[in-house]
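Below: one structure, written as structure tokens.
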Amino acid sequence: MIDAIQFSSFSEFIDMGGYAFNVWSVYALFAVFLVVNIMLPLRRHKQILRQQNRRRIVNNETEYIRKDDGPE
Amino acid sequence: MWFSKLGSPKWFYELTSKWLPWLIGAMVIFLTTGVIWALLYLPPDYQQGFTSRILVVHVAVAGSSLSFFPLMAVAGIITLVWRMKLADMVAKTAAVLGVWFSFLTLATGSIWGSVMWGTWWEWSDSRLVSMLFQFFLLMGVVSLRSALEDSDKAAKLCALLSIVGCINVVIIKYSVEWWNTLHQPASPLSMSTESPNGPEFWVATGVMIIGVYLFLSVSLILSTRNEILERERRSQWVQDLG
């Protein structure tokens, strides 16, 4: 089923039997598609958690000040 | 009811936290195997030469792109009937990912067709045009969501569009059998190594299809988790995260 690597040299591999442009542009698009749709949501996730943290710190501080000010 | 728990965003978030490392691991294994196999070991096709390597990607992405509308329709019905918030979040993120899948299907097909058919595009081909329609329909769903302030109305309209999209999915699927123009029908699988579509081609494609479906799930889960955090940011369990 797996015969062997189909190429005897690196330049032959790049050439893809004369279809270098077509084969490589498809695999490049595929790579961009994969990376973008994993990395963007991961980055967004980090960003949301960071905002969440900041909001919590601000909330805690205002609570602290309020307690400090209160006369009771 | 059993799915009231399933519909809880918190439950989904915690469950996927456990699943994600495994899903990502499996996805990386299948995609790397698929790509290396296709690019290095796949023998040239007797008619197409090495452009058959394009089809390994094209078939996997095109096939899985058909699952978006059925998924969105089911999610839409669940949203409308049982008002499950999680289903609506999945429907929203699926539409965006579906646009990517449809675009890549059209692009890879076009790049293959430019050398094998001698044309980048053919308006009279039903498969090509119905796939283009799916791309526009998904774009419509995405822009409808961002245009409508009323999220209840948006969910209803999107559910309706998803059902139209499902009819189109059937048309895409059978277009190559109903109208015989340029796009070839699906090739029959063959166990024989003598066949032009013997195991060396379809096993490589099978590995890629599994990899692409895993990728679809991972990306969908990641975006849905973000959607959960944004919509539920006022609830205590989200505030305790991070």
List the number of the failed condition for B:VAL35; all other conditions in (1) surrounded by fewer than 21 Cβ atoms within 10 Å (Cβ to Cβ); (2) closer than 24 Å to A:GLY17 by Cα; (3) in contact (Cβ under 8 Å) with a residue 12 or more places away in the chain hold. (1)
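Taking the conditions exactly as written (farther than 30 Å from B:SER65 by Cβ, crowded, with 16+ Cβ neighbours inside 10 Å and either touching a helix residue (DSSP H, G or I) at 6+ places or on another chain (Cβ under 9 Å) or of a type in the set (A, V, I, L, M, F, W, C) (or both)), does A:GLN52 satisfy them or not? Talk me through it step by step, then tell me what you get.
On the way: farther than 30 Å from B:SER65 by Cβ: yes; crowded, with 16+ Cβ neighbours inside 10 Å: yes; either touching a helix residue (DSSP H, G or I) at 6+ places or on another chain (Cβ under 9 Å) or of a type in the set (A, V, I, L, M, F, W, C) (or both): yes.
In short, yes.
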Using beta carbons and a limit of 9 Å, which pairs, at least six apart or on different chains, have the first residue in segment A:17-39 and more than 7 Å from chain B (Cβ to nearest Cβ) and the second one loosely packed, with under 15 Cβ neighbours inside 10 Å? A:ALA20/A:ILE14; A:TRP24/A:ILE14
Check whether at least one residue in segment B:48-68 is farther than 24 Å from B:GLU122 by Cα, in contact with a Gly (Cβ under 6 Å, 6 or more places away or on another chain) and either free of Cβ contacts under 8 Å to residues at least 40 places away in the same chain or of a type in the set (Phe, Trp, Tyr) (or both), and report yes or no. yes
Which count do you get for residues in segment B:72-95 that are within 11 Å of the chain's Cα centre (by Cα) and surrounded by fewer than 20 Cβ atoms within 10 Å (Cβ to Cβ)? 0
Check whether at least one residue in segment B:217-228 is touching a strand residue (DSSP E or B) at 6+ places or on another chain (Cβ under 9 Å), within 14 Å of another protein chain (Cβ to nearest Cβ), crowded, with 17+ Cβ neighbours inside 10 Å and within 30 Å of B:TRP37 (Cα to Cα), and report yes or no. no
Please find, among A:ILE65, A:ILE57, A:ILE14, the residue that is under 20 Å from B:TYR41 (Cβ atoms), in a helix (DSSP H, G or I) and more than 8 Å from chain B (Cβ to nearest Cβ). A:ILE14
Under the condition of being assigned to a helix (DSSP H, G or I) and of a type outside the set (Val, Ile, Thr), which residue from segment B:108-117 is surrounded by the fewest Cβ atoms within 10 Å (Cβ to Cβ)? B:SER114
Say we look at segment B:161-189 and pick out the residues that are assigned to a loop (DSSP other than H, G, I, E, B), free of Cβ contacts under 8 Å to residues at least 60 places away in the same chain and among the aliphatic types (A, V, I, L, M); which of these is surrounded by the most Cβ atoms within 10 Å (Cβ to Cβ)? B:LEU189
If you check B:ASP240 against the conditions, is it within 14 Å of chain A (Cβ to nearest Cβ) and over 30 Å from B:LEU42 (Cα atoms)? yes
Please work out if B:ALA155 is within 14 Å of another protein chain (Cβ to nearest Cβ) and under 21 Å from the mean Cα position of the chain (by Cα). no
Would you mind telling me which numbered condition in (1) within 25 Å of B:THR105 (Cα to Cα); (2) modelled with pLDDT of 90 or more; (3) not small (Gly, Ala, Ser) A:ASP15 fails? (2)
Only one of these conditions is not met by B:PRO44: (1) at the interface with chain A (Cβ under 9 Å from one of its Cβ atoms); (2) in contact (Cβ under 8 Å) with a residue 12 or more places away in the chain. Which number is it? (2)
Segment B:47-94: number of residues that are within 26 Å of A:SER25 (Cα to Cα), of a type in the set (Ser, Thr, Tyr) and more than 10 Å from chain A (Cβ to nearest Cβ): 3
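The values are calculated or read from the model by the stated rules, or taken from the named source; none is laboratory data. Everything quoted here is computed from the prediction, not taken from an experiment. Neighbour counts run over all protein chains shown; Cβ positions are idealised from the backbone, glycine included.
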